[in-house]
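J.: Below is a structure I'd like to ask you about.
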Amino acid sequence: MDDIIIIGAGTAGLTAAIYGQRAGLSCRIFEKFAPGGQIVNSPSIENYPGMYGVSGYDYSMALFEQAQKCGAVAEFAEVTGIDFSGKNKKVMTTAGEFEAKAVIIANGAARRKIGCKGEEEFEGRGVSYCATCDGAFFRGKTVAVVGGGESAFEEAEYLAEICDKVYLIHRRDIFSAAKTAVDSVLKKKNVTVLTNSVIEEIKGTNAVSSVVIKNRANGSTVEMPLSAVFVAIGLSPDNGLYKDVLKLDEYGYFDAEEDCKTNIEGVFVAGDTRKKHLRQLVTAASDGAAAATAAANYIRKNF
Ligand code: NAP
């Protein structure tokens, strides 16, 4: 039996593992994809204290290595079930069943989809959720980025360097991305920003060849030829597995405060999966430290 099982190897989970191990507790991390979480796709991190211009991939690998150097064990397996009813918490995974004195859920949030016609049909054939993964396939082509937050501007910035033309399509005329990111993209000659606009349909035969864009201000539609659509409209939580036992808020995020404690003793939540105002690396790291410290205190008192 481990002291702490950590679900998710993003910034929150790996920080929790570092703090847990340094508190003298054995931590086992479960990750179904690769270490790093959402940030692994960011070309450059510029807002994490003490680090400037490090790629999301390099940052993720360094953090993963740090957690392992502290003694944490990583399992690349998916969590398929939980039983939090007893003092020892059970976690069922594709690598078997595991038990721990405490559990920290740091499973992040999944990429949101537009939900328009053609999005699902052309996923992997011109519809992408990651410019650094797929951008190179569209070198010299015309592409669109959907969204008005940090991710959309990062994607547009990256694609502007390799694509002939980039349209940034945003449903409102106000952006939630930082002003520096917006200004930098607006300066690029091959980027055109279409505000108050939504994609109604993604069209093509074998691959994407055009999109139908609706202007929300005047109701007009236009079909625009292009080769790819990069969707960067944020995240939504994936907490269905826990909904019967742990409290979720109206949007499906875990309803837990800054102390990361849930309604079940010995179960903690950390990072983007928890309800919060600001989802950033720095807040995910903060949650990881808080959750591991709370778990350590709980274990000391109860075992
Ligand atoms: P976000 O900040 O939640 O922004 C989502 C954007 O997509 C908003 O502009 C939103 O428009 C739009 N949107 C949402 N649903 C839509 C829909 N169905 N159709 C069209 N547009 C839609 O998402 P994000 O930029 O992916 O960022 C997610 C979190 O990660 C944020 O907390 C962000 O700060 C963080 N992040 C941080 C970094 C970094 O630190 N370097 C990098 C990337 C992301 P409205 O404004 O109209 O709602």
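The values are calculated or read from the model by the stated rules, or taken from the named source; none is laboratory data. Bear in mind the structure is a predicted one, so any value in this text is a computation, not a measurement. With ideal geometry, Cβ positions are generated from the backbone for all residues, glycine too; neighbour counts draw on all protein chains shown. All accessible areas refer to the heavy atoms of the entire protein, side chains included, with ligands and DNA or RNA removed. Shrake-Rupley method; radii C 1.70, N 1.55, O 1.52, S 1.80 Å.
J.: Work out the length of the dipole vector of the range 19-158 about its Cα centre, built from +1 on the beta-carbon of each Lys and Arg and -1 on the beta-carbon of each Asp and Glu, and round it to the nearest 20 debye.
T.: Dipole size: approximately 400 debye.
J.: Would you please name the GluC sites (Glu not before Pro) within the range 68-125 that are DSSP coil residues with at most 15 other C-beta atoms within 10 Å of their C-beta?
T.: Sparse-neighbourhood loop GluC sites (Glu not before Pro): E78, E120, E121.
J.: Per DSSP helix of 4 or more residues, -39500 (n - 2.57); summed, then divided by the residues of the chain. What does that give at 222 nm, rounded to the nearest 500?
T.: -7500 deg cm²/dmol
J.: Between K117 and C133, what is 0.36 nm times their sequence separation minus the Cα-Cα distance? Round to one decimal in nm.
T.: 3.4 nm
J.: Check which residues have an amide H placed less than 5 Å from A74's amide H, if you skip close sequence neighbours.
T.: Distant-sequence amide H within range of A74: I29.
J.: Could you give the dipole magnitude of the chain about its Cα centre, charging the beta-carbon of Lys and Arg +1 and that of Asp and Glu -1, in debye to the nearest 20?
T.: 340 debye
J.: Something else about it: Label C70 and V245 with points 7 Å out from Cα along Cα→Cβ: what is the distance between them in nm?
T.: Each label point is offset 7 Å from its Cα along the Cβ direction, giving 2.5 nm.
J.: Taking only Cα atoms and a 10 Å spring cutoff, compute GNM fluctuations for the chain and point out the largest among V145, V267, V193.
T.: Comparing V145, V267, V193 in a Gaussian network model of the chain, the most mobile one is V193.
J.: If you wrap a convex hull around the alpha carbons of the range 113-231, what volume per residue comes out, as a whole number of Å³?
T.: Convex hull of Cα atoms, per residue: 90 Å³.
J.: Identify, among F153, L63, A34, the residue whose Cα sits farthest towards the positive end of the charge dipole of the chain, taking +1 on the Cβ of Lys and Arg and -1 on the Cβ of Asp and Glu, with the dipole about the Cα centre.
T.: It is F153.
J.: Shifting gears a bit: Heavy atoms only, 1.4 Å probe, whole protein assembly: order T132, T221 by accessible area, highest first.
T.: The residues order as T221, T132, largest area first.
J.: Heavy-atom accessible area of T205 with all protein chains present, probe 1.4 Å, nearest 10 Å²?
T.: Using a 1.4 Å probe on the heavy atoms, I get roughly 120 Å².
J.: How many lysine pairs in the range 113-231, separated by 8 or more positions in sequence or lying on different chains, have Cα atoms less than 13 Å apart?
T.: 5
J.: Expressed as a fraction of 2.2 N^0.38 Å, the rule-of-thumb size for a compact globular protein of N residues, what is the C-alpha radius of gyration of the range 249-303?
T.: Scaled against compact globular proteins, the figure is 1.12.
J.: Something else: With angles folded into 0 to 90 degrees, how steeply does helix 281-302 sit against the dominant principal axis of the chain? Use alpha carbons for both and round to 10.
T.: 20 degrees
J.: With N residues in the chain, what two-decimal value do you get for its Cα radius of gyration over 2.2 N^0.38 Å?
T.: The chain yields a ratio of 1.08.
J.: A further question follows. Can you list residues whose amide H is under 5 Å from I105's amide H, if they're 5+ apart or on another chain and H is modeled 1.01 Å from N?
T.: Amide H neighbours of I105, under 5 Å, 5+ apart: I7, F268, V269, A270.
J.: Sticking with this structure for a sec: Note down the nm distance, to one decimal, between modelled labels 7 Å out along Cα→Cβ at R172 and at T80.
T.: It works out to 4.2 nm between the two label points.
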